[in-house]
1. Is it the case that Thr426 is part of a strand (DSSP E or B) and among the polar types (S, T, N, Q)?
2. Could you tell me whether Gly220 is farther than 21 Å from Gly375 by Cβ and surrounded by fewer than 16 Cβ atoms within 10 Å (Cβ to Cβ)?
3. Check region 403-412 and report whether any residue there is closer than 26 Å to Arg307 by Cα, assigned to a loop (DSSP other than H, G, I, E, B), at pLDDT 95 or above and not polar (S, T, N, Q).
4. Keeping to region 165-188, report how many residues are under 27 Å from Arg126 (Cα atoms) and aliphatic (A, V, I, L, M).
5. Can you confirm whether region 368-384 contains a residue that is surrounded by fewer than 21 Cβ atoms within 10 Å (Cβ to Cβ), part of a helix (DSSP H, G or I) and free of Cβ contacts under 8 Å to residues at least 40 places away in the same chain?
6. If we only count helices (runs of 4 or more DSSP H) wholly inside region 252-307, which ones have 3 or more residues that are outside the structural domain of Ala349 (by TED's automatic domain parsing) and modelled with pLDDT of 95 or more?
7. I need the full set of residues from region 151-179 which are in contact with a strand residue (DSSP E or B) (Cβ under 7 Å, 6 or more places away or on another chain), in a helix (DSSP H, G or I) and modelled with pLDDT under 95, in order please.
Amino acid sequence: MTGALTASDLDMRAILDHLRATETERLHQLIDWLRIPSISSHPENQPDMWAAAAWCAEFLREAGLEAVTIHPTAGHPIVTASWRRAAEAPTLLIYGHYDVQPVDPLALWEAGPFDPVVRDARIFARGSADDKGQILMHMQAVAATLKVTGTLPLNVVFLIEGEEEIGSPNLPGFLLANQELLRADLAIVSDTCQWAEGIPAITAGLRGLAALEIQVNGPGRDLHSGSFGGAVANPLEALARMLATLKDERGVIQVPGYLDDVRPPTPAERARVADIPFEERAFLEPIGLEAGWGEAGYATLERLWYRPTIEINGLWGGYMGPGSKTVLPARAHAKLSMRLVPDQTPERALELVMAHLRAVTPPGVRLELFPTPGGGLPWRLDPELPAVQAAGRALRDAFGREPVIIGEGATIPVVADFERLLAIKTLLVGFSLPDAAPHAPNENLHLPSFHVGTESLVRFFYQMSLG
């Protein structure tokens with residue numbers, strides 16, 4: 001026999017019934033939201049950034065949120081809203097962003113990037129997965145709960161910004177200046193992926209980020225490679241030799257000190273990775289590869305989630321036009337990025353890499369280094385925390401299977417900022433699929449995951465309220 005249903009059980013069932021009955025209406029809300037071309041990196045889209053912030057604020061206001069505010073910044077506006085009427089209940093800070101990436105190359109889109117199209121159970125548009133679609137799920141979950149019950153089982157604060165895709169330059173200052181406004185017990189972010197269709201995931205780790213631009217200078221001008229080749233140093237060759245010293249042939253980073261603070265995955269972490277349904281071939285085939293490559297001694301997911309990197313993102317110099325031009329270039333350039341793991345910092349990683357490059361610079365050329373502003377700290381979350389367990393129960397009840405605990409090789413700087421500046425942990429629960437193509441043409445969001453994921457968020461609200 002099962003126990004009698006509680007008032008909370010009955011409320012949650014009514015909310016879930018309402019969500020299912022309003023799927024068409026909520027899809028149209030998503031379509032309207034995605035039509036706004038809120039590209040944060042384009043100055044000409046400044047009016048669209050304000051339009052997106054206004055759309056967001058109006059939705060939250062109509063949903064019943066209080067203190068809805070659009071905060072101007074030195075860049076794009078930040079939207080906040082709150083509901084703090086659940087005495088003795090925890091407070092959840094819900095973060096997302098309304099800005100999107102540029103749409104280039106436009107020719108590869110099958111429809112206009114801001115003309116949403118529904119096809120094959122997906123909606124295609126820029127921002128659908130990253131992050132308008134996912135933050136709208138939270139907004140709709142709160143709206144449905146307030147509409148059906150007139151209350152919430154916990155307190156919520158929304159923080160929705162417009163600069164995530166350009167590094168959130170104004171967000172840390174906003175967090176410091178508004179600590180009381182943003183006071184919460186836990187943050188939740190949906191800007192990551194499920195493991196696969198029907199398989200929910202909780203992301204418990206992110207790598208940090210640092211970046212560097214390199215310039216190697218040689219002669220005062222480009223030279224004739226016949227008249228000067230073999231007599232003076234070639235900056236492109238010098239740069240290639242320098243970059244080749246960063247790793248050995250087994251993929252092991254050779255920068256002195258770079259790996260000193262890196263913790264190997266624990267036995268428990270390695271066991272969790274081994275239990276995840278991962279197929280190397282399925283991972284590689286969609287990107288056109290037959291074999292992977294990386295640091296010796298670690299499985300693919302271990303390298304992605306628990307090991308740092310140094311990657312060459314760009315390398316150029318000399319003549320790059322059609323045909324031949326036998327030139328010895330005056331300058332050579334490269335861009336590097338470093339993904340970092342706990343106990344590494346962007347500042348220390350840059351210091352070590354720059355010192356190494358200076359040490360291996362050959363005679364006859366001059367090195368200039370330009371650290372890229374921004375970056376992000378690595379982050380880990382204890383999978384045994386009560387909030388993770390509550391999310392696990394909510395996802396299991398919504399999707400009908402246990403979520404997997406995963407890592408993420410990329411960086412979400414705000415997560416470390418919440419811990420560093422607001423002293424709160426962050427729960428990462430994403431609902432896009434691995435083939436959602438964020439930042440690429442034909443970005444999309446799987447609609448069944450959108451709807452079931454929204455239901456899981458309502459369940460999570462009630463799980464969190466239980467303590």
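The values are calculated or read from the model by the stated rules, or taken from the named source; none is laboratory data. What you see is a predicted model, and the numbers here were worked out from it, not measured in a lab. Virtual Cβ from ideal backbone geometry, glycine too; neighbours counted across all protein chains shown.
1. Yes: the conditions hold for Thr426.
2. When the stated conditions are applied, Gly220 passes them.
3. Scanning region 403-412 turns up at least one residue that is closer than 26 Å to Arg307 by Cα, assigned to a loop (DSSP other than H, G, I, E, B), at pLDDT 95 or above and not polar (S, T, N, Q).
4. Result for region 165-188: 4.
5. No: region 368-384 contains no residue that is surrounded by fewer than 21 Cβ atoms within 10 Å (Cβ to Cβ), part of a helix (DSSP H, G or I) and free of Cβ contacts under 8 Å to residues at least 40 places away in the same chain.
6. Once the helices (runs of 4 or more DSSP H) in region 252-307 are filtered for at least 3 residues that are outside the structural domain of Ala349 (by TED's automatic domain parsing) and modelled with pLDDT of 95 or more, what remains is 300-306.
7. Glu164, Glu165
Yes/no matrix, rows are residues, columns are (1) modelled with pLDDT under 95; (2) more than 22 Å from the chain's Cα centre (by Cα); (3) not aromatic (Phe, Trp, Tyr):
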{"residue": "Thr91", "(1), (2), (3)": "no, yes, yes"}
{"residue": "Ile94", "(1), (2), (3)": "no, no, yes"}
{"residue": "Pro102", "(1), (2), (3)": "no, no, yes"}
{"residue": "Phe114", "(1), (2), (3)": "no, no, no"}
{"residue": "Asp130", "(1), (2), (3)": "no, no, yes"}
